[in-house]
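The values are calculated or read from the model by the stated rules, or taken from the named source; none is laboratory data. Quantities reported herein were computed from a predicted structural model and do not represent experimental measurements. Note that each Cβ is placed from the backbone with ideal geometry, even for glycine, and that neighbours are counted across all protein chains shown. Each accessible area value is taken on the protein alone, full model and side chains, heavy atoms only, with ligands, DNA and RNA left out. Shrake-Rupley method; radii C 1.70, N 1.55, O 1.52, S 1.80 Å.
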Amino acid sequence: MHARVDERRIRPLNDKTLAKGPVIYWMSRDQRIKDNWALLHAQDLALELKTPLVTVFCLTPRYLQASIRNYSFMLEGLKEIETAMKKLNIIFHLLTGKPEENILRFCKDYKAGALVTDFSPLRINRRWKNNVVKTLPTSFFEVDAHNIIPCWSATSKQEYAAYTFRPKVKKLLPDFLSDFPEIIKHPHSMKNIPEVNWTKVVESLGFDFTTGGNRFFIPGEKAAYAAMQSFIEERLADYEADRNDPNKKGQSGLSPYLHFGQLSAQRLAYLTRQAEAPGIHTESYLEELIVRRELSDNFCFYNDNYDKVESFPRWARETLAEHLDDPREYIYSKDEFESAETHDHLWNAAQKEMVVTGKMHGYMRMYWAKKILEWSETPTDAINTAIYLNDKYSLDGRDPNGYAGITWSIGGVHDRAWFERPVFGKIRFMSYNGSKSKFNVNQYIDTVEALTD
Ligand code: FAD
Ligand code: FO1
């Protein structure tokens, strides 16, 4: 029996038995070949059944607020996978339209022996799977290929904060933070699946891709791996010192690759732990990469209201309600926020950085979201504006980290109460002067201005 994947990573979604037919890996969140537990499990099943291995990606023309830039980044990555899979005798196929209908028909047309998919806690991905499970005649497995510790193994409930989650992670990390087996060249072939027609795929999205390309991030699994190696070799050793200064390239810049699954967070953590960089920097990086990131999946997995004010802890909902009628010195509409037309040059620069490059500096994201709370009529308006803009413009948007980051900033999720003030109540406050005391605000504003010249 080929069992290269820890069974705690695998969740059977129905009680059907394996059948003699090709094994289908329905790829969605983890868009990579290397270090992908879902693909490894699909290959294990196909080796056991002595049948072909087929990867299918179901492309939806609209995924949350995803814009053309997000899609072109993703499609470039998928094209690279198609080419690389050919060399491994694994078929890559792309279907457009409603994922649940497409994957069901595909499994029936090709008499799939088993269906394997990767894990996402987001509502849209869970709805697709629930619709497939209803009528799928084949055995169906979900594999958490995104988290180092499978989301359902780390803890069986929503964690209150990083300090309650961290000990559970630390206890299980030795079990799961391992190296990976390799995907082997698949020994069983299949001929009757049509090639992907990428021109038609692009047309199905209805975008004009001539403007799409992003000059700041090169898409795809190879570029992701190279970006990881250069961060570990050249910048990890300054991480703790530089990560909160938007004028320094202190962050790794890897979130677009992690979001689209073009890079495995487990591989990144595994190599970070082996790096020579001083412990203060590696520990700080692993805290963000493992505890903070996997806490976001925990939040979205166990809280269905992860993108609504209802997900805020009680103390936060109460304090925000008490200050609902406080006078707001400034009120901006979603459009004014979107076009970076507030009175605050620092906030406008952060918005512009996101719109132009597809990635806002992590420190600025906190300031950016908290000011949206301060300058919106209600917390509900604020969370809707922040999610709309982040999901539309951020390459790493439409991600559990985004919903956790925005609800942390606006609604105290995973945070505690602070001293009370107008509008914010006891929600942690951030100010322009606070930013000025941390970094050279004018330098950041000028740098962003120069991007748009
Ligand atoms: P690095 O500092 O190099 O961190 C490396 C990795 O660790 C990140 O890629 C990410 O996977 C993880 N990480 C770091 N900080 C956090 C954090 N606070 N919470 C969870 N994981 C973290 N992250 C996204 O991936 N997508 C988003 O849409 C997103 N929206 C955010 C919105 C707000 C309002 C806030 C406050 C934070 C948001 N974050 C989001 C979290 C964090 O800001 C980004 O993960 C980080 O800036 C990504 O850049 P990096 O990879 O260079 O970060
Ligand atoms: N997943 C899919 O299975 N099909 C899609 O068409 C698709 C589009 C898409 C666009 C932007 C984006 O940021 C993510 C997208 N995803 C798509 C989902 C992604 O693969 C992840 O599953 C979630 O974003 C994270 O849980």
inquiry  = Could you work out how much longer the chain between Leu177 and Gln65 gets when fully extended? Use 0.36 nm per residue separation minus the Cα distance between them, nm to one decimal.
reply    = 37.0 nm
message = As a test question: what accessible area, to the nearest 10 Å², does Ser120 have when a 1.4 Å probe is rolled over all protein chains in place?
response = 10 Å²
Anchor Lys171: lysines whose Cα lies under 25 Å away (excluding residues fewer than 8 positions away in-chain) = Lys157
note = Note, the range 17-25: 3J(HN,Hα) by Karplus (6.51, -1.76, 1.60, θ = phi - 60°), whole Hz, Gly/Pro = x, goes 9, 5, 10, 7, x, x, 8, 9, 9
key: Computed over the chain: relative contact order in percent, which uses C-alpha pairs under 8 Å that are six or more apart   = 18 percent
ask   = What are the ³J(HN,Hα) values, in whole Hz, obtained from phi via the Karplus relation 6.51 cos²θ - 1.76 cosθ + 1.60 with θ = phi - 60°, for each residue of the range 218-230 in sequence order, with x given for Gly and Pro?
value = 7, x, x, 4, 5, 5, 4, 5, 5, 5, 5, 4, 6
The range 388-407-the range 68-115 distance, computed between alpha-carbon centres (Å) = 25 Å
request  = Before anything else, pin down the relative contact order of the range 305-452: Cα pairs under 8 Å, at least 6 apart, normalised by residue count, whole percent.
outcome  = 33 percent
key: Peptide ranges 368-379, 297-308 listed from the most packed, as the mean C-beta count within 10 angstrom indicates   = 368-379, 297-308
ask   = With the other protein chains left in place, how much accessible area per residue, in square angstrom, belongs to the chain at a 1.4 angstrom probe?
value = 42 Å²
note = From the cross-link list Lys34/Lys79; Lys129/Lys185; Lys87/Lys129, the entries with a Cα-Cα span beyond 19 Å are Lys129/Lys185; Lys87/Lys129
task = Order these peptides, 284-294, 80-90, 334-344, 404-414, by their mean beta-carbon neighbour count within 10 angstrom, highest first.
result = 404-414, 284-294, 80-90, 334-344
remark   = Sorting Val169, Ser255, Phe217 by the position of each Cα along the dipole of the chain (Lys, Arg +1; Asp, Glu -1; all at Cβ), the one nearest the positive end of that ordering is Val169
Euclidean distance of C-alpha centroids, the range 217-262 and the range 125-163, integer Å = 27 Å
Taking the range 239-313 and dividing mean pair separation by its residue count, relative contact order in percent (alpha carbons under 8 Å, at least six apart) = 24 percent
task = Would you list which aspartates and glutamates come within 18 Å of Lys98, measuring only between C-alpha atoms, while excluding same-chain residues fewer than 8 positions from it?
result = Asp109, Asp118, Glu203
query = Once you put a point 7 Å from the Cα of Arg8 and another 7 Å from the Cα of Glu420, both along the Cβ direction, what distance in nm separates them?
reply = 4.4 nm
message = Apply the Karplus curve 6.51 cos²θ - 1.76 cosθ + 1.60, θ = phi - 60°, to the phi angles in the range 442-450 and return the couplings in whole Hz, x for Gly and Pro.
response = 5, 4, 4, 4, 5, 4, 5, 3, 5
Of Lys308/Lys371; Lys249/Lys334; Lys108/Lys222, pairs whose Cα-Cα distance is over 27 Å = Lys249/Lys334; Lys108/Lys222
message = Name the residue from Val196, Val5, Ser72 whose Cα lies farthest towards the positive end of the charge dipole of the chain, charges +1 on Cβ of Lys and Arg and -1 on Cβ of Asp and Glu.
response = Val5
